[in-house]
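The structure appears below as structure tokens.
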Amino acid sequence: MDLLFLTAAIASTLFPSGDRSAVEPGGARIELREGRAVRVVDSTTVELPCTSANGTGEIRALASDPAGLTYFAAENGLFVVGPFIDHLDPVLRREGAPSGEPRSVYVDRERRVWLATDESVGVVEPSFGWGRTLETGDLVAASGDALAPPFHFEPKGEGLLVVGQNGEASYQPDQAPRPTVDRLEINGAPVLADAIVDAGYGESQRLSAEGTAAGGATFRYRVDGHHVWRDLENADSLDRLNPGEHLVEVVACDRDLNLSAPFPVRFRVAMPIYFGKGFVLGVGALVSLIVLGLSLALQRPGTPLLRRVLAGVPTTAVVLIFGVQILAGLIPHAKGWPFVGYSMYSKSFRPEVPVHRPVLIARTPGGVEREIPPQLLGYAIDGRWQVLGPIVTGGDSVERDALQRVRKRVTGPGVDVLQVQSRRFRLTKGGPVPIAPLVLSHYRWKDQ
Amino acid sequence: MSTPRWLLLRERWDQFWFGPSSLVRLGIFRIVMMLAVYDAFGRFAPAIAQHMGDEHVSFVNRPWNPIYALDILGLGPPSPGFAELTATVVFVSMVLALVGLFTRAACATLAVSFTYMAAVHYSLGKPHHDCVQLTFGLWALAFSPAGARISIDSFLRRMFQAARGPVLRPPPSVARYAAFPIRATQLAIAIGYFFAGTTKLAIGGAAWANGYTLQAIMLEYRSPWSEPLSDNVLMCQLMQVGLLVVQGSFPLVFLHRKLRWFYVPMAVMFHLMAMQTMSTGHFMTLWFPLLAAFIDWELVPDFLRRNVRDARWPRRIVTFVALAAASALVAAIFFEPRPPWMLASLTVPVGLGAWLMLPIEPRSITLRNGSVASRLKGALLSCLNWGGTLRFRSSSKLRA
């Protein structure tokens, strides 16, 4: 066994699998040279450093993402770089993603990042790092034995040829039917799709699901059409639903990261008692009466009633209005407009943490990128997510509509790619360091 | 028997809020507030019309998420027709309040309609705090003698008075409740800045001012000056500390009038920096009310006389250049997104107003004894005489 392992290890080092170079949008070429990544532009070669303090270690393979990013399987993990970005940055592998030291990487046309490590083989969602790891039974050698680690692979047709310590096996993703959510329970009680669930403010909501999916279903959810599908097992954000109606959607995910159709449920969250209409109006009336009474009483003795009222009513209004304004400052909430708090920009940022700037990007076939302010599309919007959100979550037809609008109003027909990117920077003492963006949506123009 | 302490406090309170104050100042306050309303109107009205319209756009998310006040009142999204009607009411009442015709009714109508319009706008997106002070100021204007000076109302009143009788009284200079909208706006602004500063400390802690926070905000909302400034963490840290100090201590502005010379320019600079580094937009609806409320407009002519006309040359030049540059900057920001005809059409009234404010020697104007024409002329000139540069004399019954 040890001899076999040694042979495989030597083979994977001497003959590393995966691509050795990739061409970025714009024409620059990324190459692997002696375990390091370099970018070649015209005849200039520049080594790409890494933002991680430990560095990448030896880089064994790279893979091109159709959206323009380049992923690296390296001794110290999975890394990514984007066009016009000078630093490799680690990709955090989250729940379900294959663990271990990466040996091979491949990005398919659905932009799934396939990864072989010294422990496992699996797939990683490109923006948020969650994924699935293939089970032992999914990779069976010709001998009938399950493949043993360490693994590496080569793309083969629409799938992968995975090589393990004891042989090789083909893996063909997307062969099973689309996953389904078969049953959803909220706090232990089953609910139907599109059900409306009444909930009290601050009540904990525990969701559990059953479903059918190749390799077993895992489940993710999102609230109000948000573009991030979160892990259902750690659904703590469902404990913080604000008053009002919220759409919660649950999807099942198979081992190839295919998602089922969403299972929608609407939560109708009640106002907390202290924001109830009766309570607010009642307390408001009571406080008004007290302030008015004091205001009428605290006047020079002998003042006629009419003058007392004329002086007392404005005083009451001033005390109440600015009292509520101060209260709003102490308990900030924008929904109370015009009695609002001022909690904007109050979050602290620490060095080395990535900062995100979501943008709409149009790209020409030559790789020239242009940032398109969403306001230029001609619709009055209050925040960029009003446009970026539907493009990320709406699918091909919405992306096509948006690109059509961009070509018509802003760029002309010369652009063929529309992306929603979250441009990222790491904060450092020497200034911000740009790192690979998250490409949240990628659409290439197709003539119909 | 001495006056009880509570009564003294009560009278000081009444004096502070509702006591006599300059009507000229109130008139200019009203006009500046209307310019801020115009700016908000230009953003809100087209957005609401578009959102309430029938056109479906797949890539624009337009949920109706009502603010609490609309929720409590049970008001849903307006129909396209009602949205248009609201916009019309806001525009007409704003113009009437700006020129000062039926001023009090116009201010009252504007307070209601503008508040509704802003509430609808914020229910279609994200509620912002940029119109809070403006809204409070508008409501208070409706309860003040806002049209007593620098208004068509005051002109008409003087004209009728002049046509009726031979004695031309000078226009009133102070009145009760004239300070009310100004005080209300001042306090709303001070509360806003105070909580903007202290909430950052309460939520973000002292680490908020580490330089990285501002660096991150600038990167997230990239603007023309973001990149050079965000490169320097120390510079960002200094700016953050400065911001906390100015915002958190802003209420001190009420302690002494001279502190306005520090707080008002710093607050305006903060908004302009935010515009250039954090893509906030110009926030004119916030710092126009700030300027309107904290500048003693009725004292401007006297200030100019002392610091430009009568001062030594160095002081004269510095004051003149500083004021001219600040005025040009404010005008440039206001007119930048507007059509050129607006700049052209405002040149005459603003020029006339500025001329009457210039630190020139008082000019004596003699009005002939009792004739209707001379009384009307006196009425017109006395209305325009907000800077006090005209002195009226009459041959008999005319009082200046």
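Please determine, in degrees from 0 to 90 and to the nearest 10, the orientation of helix B:233-248 with respect to the longest principal axis defined by the Cα atoms of chain B, where the helix direction is its Cα long axis. Approximately 50 degrees, to the nearest 10.
May I ask for the accessible area buried between chains A and B, both sides summed, probe 1.4 Å, to the nearest 100 Å²?
Answer for the A-B pair: about 5900 Å² buried.
Ranking A:Phe425, A:Val410, A:Phe275 by Cα position along the charge dipole of chain A, where only Lys, Arg, Asp and Glu carry charges on their C-beta atoms, puts A:Phe275 farthest toward the positive end.
What is the average number of partner chain Cβ atoms found within 10 Å of a Cβ in A:397-408?
2
The stretch B:187-274: percent of C-alpha pairs farther apart than 22 Å? Pairs farther apart than 22 Å: 29 percent.
The spacing between the stretch B:163-205 and the stretch B:84-140, judged by their C-alpha centroids, is 17 Å. Note the angle between two axes, namely the Cα long axis of helix B:260-277 and the longest principal axis of the Cα atoms of chain B, as a number of degrees from 0 to 90, rounded to the nearest 10. Computed tilt is about 40 degrees.
Shielding by partners for peptide A:425-435, expressed as the average number of C-beta atoms from other protein chains within 10 Å of each residue's C-beta, is 4. Listed by chain and number, the aspartates and glutamates placed with their C-alpha closer than 18 angstrom to that of A:Lys429 are A:Asp86, A:Asp89, A:Glu352, B:Glu220, B:Glu227, B:Asp231; residues fewer than eight positions away on the same chain are left out. Mean residue ellipticity at 222 nm, helices only, the protein assembly as shown: -13000 deg cm²/dmol; runs of at least 4 DSSP H residues each add -39,500 (n - 2.57), and the sum is divided by the number of residues. Checked against a 25 Å cut-off, the cross-linked pairs A:Lys277/B:Lys126; A:Lys347/B:Lys258; A:Lys408/B:Lys126 give Cα-Cα distances beyond that limit for A:Lys347/B:Lys258; A:Lys408/B:Lys126.
Each residue, B:Ser327 and A:Asp396, gets one label point 7 Å from its Cα in the Cβ direction; the gap between the two is 6.3 nm. Anything in chain A that counts as a DSSP H helix reaching 24 Å or more along its axis (C-alpha) with Kyte-Doolittle mean of at least -0.5? List them, would you? Length and hydropathy pass: A:277-297, A:305-330.
In percent, what relative contact order does chain B have, based on Cα pairs under 8 Å that are 6 or more apart in sequence?
That works out to 20 percent.
Between the beta carbons of B:Asn232 and B:Met342, assuming R0 = 30 Å, the FRET efficiency works out to 0.15 to the nearest 0.05.
Assigning unit charges at the beta carbon (Lys, Arg +1; Asp, Glu -1) and nothing else, what dipole magnitude in debye, to the nearest 20, does the stretch B:126-214 show about its Cα centre?
420
Does anyone have the angle between helix B:284-294 and the longest principal axis of chain B? Alpha-carbon axes, 0 to 90°, nearest 10? Tilt of helix B:284-294: around 40 degrees.
Its Cα gyration tensor gives chain A an equivalent ellipsoid, and the semi-axes of that ellipsoid, as √(5λ) in whole Å with the largest first, are 53, 28, 21. Across peptide A:349-356, the mean count of Cβ atoms from other chains lying within 10 Å of each residue's own Cβ comes to 5.
How big is the gap, in Å, between the Cα center of the stretch B:30-45 and the Cα center of the stretch A:293-312? So the two Cα centres are separated by 37 Å.
The values are calculated or read from the model by the stated rules, or taken from the named source; none is laboratory data. What you are looking at is a predicted structure, and each value in this text was computed from that prediction instead of being measured. Cβ coordinates were reconstructed from backbone atoms using ideal geometry, including for glycine residues, and neighbour counts include every protein chain displayed. Quick note on the areas: whole protein, heavy atoms, side chains included, nothing else; ligands and nucleic acids left out. Shrake-Rupley method; radii C 1.70, N 1.55, O 1.52, S 1.80 Å.
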